[in-house]
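Novice: Just dropping this structure here.
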Amino acid sequence: MILIGLDPGLGCTGWGVIAAEGNRLSHIANGQIRTDASRALPERLVKLAGELGDVLAQYRPAAAAVEEVFVNENPQSTLKLGQARGVVLLCAAQNGIAVGEYAARLVKKAVVGTGAAAKQQVHAMVSMLLPGAKIAGADAADALAVAITHAHLLASNRALKGHAA
């Protein structure tokens, strides 16, 4: 199964595509979609939607996972993050892709073992779990971590259903 993880942000949205076959995970691609802060908000959202649409069309994931919004001290930053996240959710929905949503602490705990992990720890563990992957940056590493979390939870759910039968 092809999965895409997404770490939404208005300035930079990370994305990571993995293949999950049972407990085996393999890296397919990752990247970052950057928008120009000097542009108007609607233009930035259109750019995000267009580039993400291209990624979804290219890799055709069966499922998506998105990091949930966390509240910043700056309400404007939180609002912009929410708007970018809305575009990400809309793009997935328009492509008929089911979306799992995960809190950042849960992703860190699933990948690193502690919900208080630093970004560098997440990046290091993603590199270990997906050997050979050239990670485009911190946001792409976070997106891959979200995809890995989703893959693990999907596998656990399948195992539990098989056990209950």
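All of the numbers you see were taken from the coordinates with simple rules; none came from a lab. Since we're looking at a predicted model, the values are computed, not measured. Here the Cβ is made from the backbone with ideal geometry for all residues, glycine too, and neighbour counts use every protein chain on show.
Novice: Checking Val88 against (1) surrounded by fewer than 19 Cβ atoms within 10 Å (Cβ to Cβ); (2) part of a helix (DSSP H, G or I); (3) among the aliphatic types (A, V, I, L, M); (4) under 12 Å from the mean Cα position of the chain (by Cα), which single condition isn't satisfied?
Specialist: Only one criterion in (1) surrounded by fewer than 19 Cβ atoms within 10 Å (Cβ to Cβ); (2) part of a helix (DSSP H, G or I); (3) among the aliphatic types (A, V, I, L, M); (4) under 12 Å from the mean Cα position of the chain (by Cα) is unmet by Val88, namely (1).
Novice: Taking the options Ala116, Ala65, Ala104, name whichever one is closer than 16 Å to Ala19 by Cα and either of a type in the set (A, V, I, L, M, F, W, C) or touching a Ser or Thr at 6+ places or on another chain (Cβ under 9 Å) (or both).
Specialist: Matching residue, one of Ala116, Ala65, Ala104: Ala65.
Novice: Of everything in the stretch 25-55, what is touching a residue at least 24 places away in the same chain (Cβ under 8 Å) and either over 27 Å from Val111 (Cβ atoms) or out of contact with any strand residue (DSSP E or B) (no Cβ under 9 Å at 6 or more places or on another chain) (or both)? Give them in sequence order.
Specialist: Ala37, Leu41, Arg44, Leu45, Ala49, Gly53
Novice: If you check Gly96, Gly115, which single one turns out to be outside any helix (DSSP H, G or I), of a type outside the set (S, T, N, Q) and at positive phi?
Specialist: Gly96
Novice: Here's a follow-up. If the requirement is being surrounded by fewer than 19 Cβ atoms within 10 Å (Cβ to Cβ), over 13 Å from Trp15 (Cβ atoms) and in contact with a helix residue (DSSP H, G or I) (Cβ under 8 Å, 6 or more places away or on another chain), which of these qualifies: Leu129, Leu79, Leu154?
Specialist: Step by step, each of Leu129, Leu79, Leu154 is checked, and only Leu129 is surrounded by fewer than 19 Cβ atoms within 10 Å (Cβ to Cβ), over 13 Å from Trp15 (Cβ atoms) and in contact with a helix residue (DSSP H, G or I) (Cβ under 8 Å, 6 or more places away or on another chain).
Novice: Within the stretch 91-124, can you find the residues that are surrounded by 14 or more Cβ atoms within 10 Å (Cβ to Cβ), more than 22 Å from Val55 (Cα to Cα) and β-branched (Val, Ile, Thr)?
Specialist: Result: Val107, Val111, Val112, Val122.
Novice: So, one more: Name the single residue, out of those in the stretch 1-53 being among the charged types (D, E, K, R) and buried (at least 21 other Cβ atoms within 10 Å of the Cβ), that is nearest to Val122 (Cα to Cα).
Specialist: Asp7
Novice: So, one more: Specify which of the listed residues (Ala136, Ala155) is more than 20 Å from Glu68 (Cβ to Cβ), in a helix (DSSP H, G or I) and in contact (Cβ under 8 Å) with a residue 12 or more places away in the chain.
Specialist: Unique residue meeting the criteria: Ala155.
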